Amino acid sequence: MDTRSILQQLASGDLSVDEALLRLKQQPFEELGDYAKLDMHREMRSGFPEVIFCERKADEHLVSIFKRLYEANGEVLGTRASEHQYECIREQFPKVEYDPVSRIICLEEKEKKHVGCIAVCTAGTADIAVAEEAARTAEFFGSRVERIYDVGVAGIHRLLANMDTIHQANCVIAVAGMEGALASVIGGLVDKPVIGVPTSVGYGANFGGISPLLTMLNSCANGIGVVNIDNGYGAGYLATQINRMGVHFMEERQDQATDVKSKQS
């Protein structure tokens, strides 16, 4: 039983105060056997439901967790899923979708509204897997995403040709391996937050993503935040938080403009 149902039953008199209090105490997490404690209050606290990190989970554990989260939330997002894990889940949820590029698995509402705008940019085609993890995460959480791929600094005219689209975004995700210069370049061209995502793409001196990570952390451009190496999910989550704030800000400005017009008329 979710918190809203408990409060409704309390208001109607179907539950006493003590009964409601007991059920609320049981709400914060739910134990599944001895292998998982599901955070059932996460969306209430943070605005986002719990997401499944699928990698290394046993098949039976993953399916059980997926089933319970779907029962509680009506949709589920899983990251770093394999084809085999997808097939296991599809046996019970035929409508589940899987993207082999981002390794995202999800079951979601089809008529979901996507608001605001997040621009997801990559330096190269080899960075797309991480970028798609970010983009699909943001879309699952209700953000509109514009994809701008293969616009690295080796041919910077490709980036400059897409600046109109990038300027319309509330937030920009810059995904880059090699030396990771893309985040700095974008940071010097836009007035929106830039989330740098270093990838493990590169030759030996890339050190598995350490090189772009240090470049982004040491950027002289302002307004750049950096997530961990290959962490597309973290970038998509953070970008959605920023995007929601941007949407809320614009809605408030529109409401204020409407109030001014109504007072003048």
Self-check item: Over the chain, relative contact order from alpha-carbon pairs under 8 Å, at least 6 apart, %
Solution: 13
Quiz prompt | Candidates Arg136, Arg23, Arg103: whichever shows maximal mean-square fluctuation once the chain is modelled as a Gaussian network with Cα springs under 10 Å | solution = Arg23
Quiz prompt | Of all accessible heavy-atom area on the chain, the percent that carbon and sulfur account for (1.4 Å) | solution = 52
Quiz item: Highest GNM mean-square fluctuation, the chain, Cα pairs closer than 10 Å: which of Ala11, Ala135, Ala119?
Solution: Ala11
Quiz item: Under the Karplus relation 6.51 cos²θ - 1.76 cosθ + 1.60, θ = phi - 60°, what is the ordered set of whole-Hz ³J(HN,Hα) values for the range 28-33, x standing for Gly and Pro?
Solution: x, 8, 10, 8, 10, x
Practice problem: Add +1 for every Lys or Arg and -1 for every Asp or Glu among the other residues with Cβ under 14 Å from the Cβ of Met250, and state the total. | Solution: +1
Quiz prompt | Check: the chain dipole with +1 on Lys, Arg Cβ and -1 on Asp, Glu Cβ, in debye | solution = 620
Quiz item: Summing -39500 (n - 2.57) over the DSSP H runs of n ≥ 4 in the chain and dividing by its residue number, what mean residue ellipticity at 222 nm do you reach, to the nearest 500 deg cm²/dmol?
Solution: -13000 deg cm²/dmol
Practice problem: Would you list the P(r) distribution for the chain, with all Cα-Cα distances sorted into 10 Å bins from 0 and each bin expressed as a whole %? | Solution: 7, 25, 27, 23, 13, 5, 1
Quiz prompt | Size of charge dipole - the range 58-176 - debye, nearest 20, with Cβ of Lys, Arg +1 and Asp, Glu -1, no other charges | solution = 260
Quiz item: Karplus couplings for the range 104-117 from phi (6.51 cos²θ - 1.76 cosθ + 1.60, θ = phi - 60°), rounded to Hz, Gly and Pro as x?
Solution: 8, 10, 8, 10, 9, 5, 7, 9, 5, 7, 10, 10, x, 6
Self-check item: Only Lys, Arg (+1) and Asp, Glu (-1) charged, at Cβ; the range 134-217 dipole about Cα centre in debye
Solution: 120
Exercise. With a 1.4 Å probe and every protein chain left in place, work out the accessible area per residue of the chain in Å², rounded to a whole number.
Key: 54
Quiz item: How long is the gain from Arg42 to Leu7 if the chain were fully straight, where each residue apart is worth 0.36 nm and the alpha carbon distance is subtracted?
Solution: 10.8 nm
Quiz item: Which trypsin sites (Lys or Arg not before Pro) does the range 49-82 hold that lie in a coil by DSSP with at most 14 other beta carbons within 10 Å?
Solution: Arg56
Quiz item: With springs only between Cα atoms under 10 Å, which of Ser200, Ser82, Ser16 fluctuates most in a Gaussian network model of the chain?
Solution: Ser16
Quiz item: Relative to the present Cα-Cα distance, how much length would full extension add between Asp255 and Lys67 at 0.36 nm per residue of separation?
Solution: 63.6 nm
Exercise. Towards the positive end of the charge dipole of the chain, with charges on Cβ (+1 Lys, Arg; -1 Asp, Glu), say which of Phe48, Val130, Gly223 has the farthest Cα.
Key: Gly223
Quiz item: Counting other Cβ atoms within 10 Å, which chymotrypsin sites (Phe, Trp or Tyr not before Pro) in the range 197-241 have at most 11 and lie in a DSSP loop?
Solution: Tyr203
Quiz item: How long are the three semi-axes of the equivalent ellipsoid for the range 1-105, computed from the Cα gyration tensor as the root of 5 times each eigenvalue, in whole Å, largest first?
Solution: 32, 13, 12
Practice problem: At 1.4 Å probe size, with no ligands or nucleic acids counted, give the accessible surface of Glu19 in Å², nearest ten. | Solution: 90
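The values are calculated or read from the model by the stated rules, or taken from the named source; none is laboratory data. As the structure is a prediction and not an experimental result, all values here were calculated from the model. Glycine also receives a Cβ, built like all others from the backbone with ideal geometry; neighbour counts cover every protein chain displayed. For the accessible areas, the whole protein counts, side chains as well, though only heavy atoms, and no ligand, DNA or RNA atoms are used. Shrake-Rupley method; radii C 1.70, N 1.55, O 1.52, S 1.80 Å.
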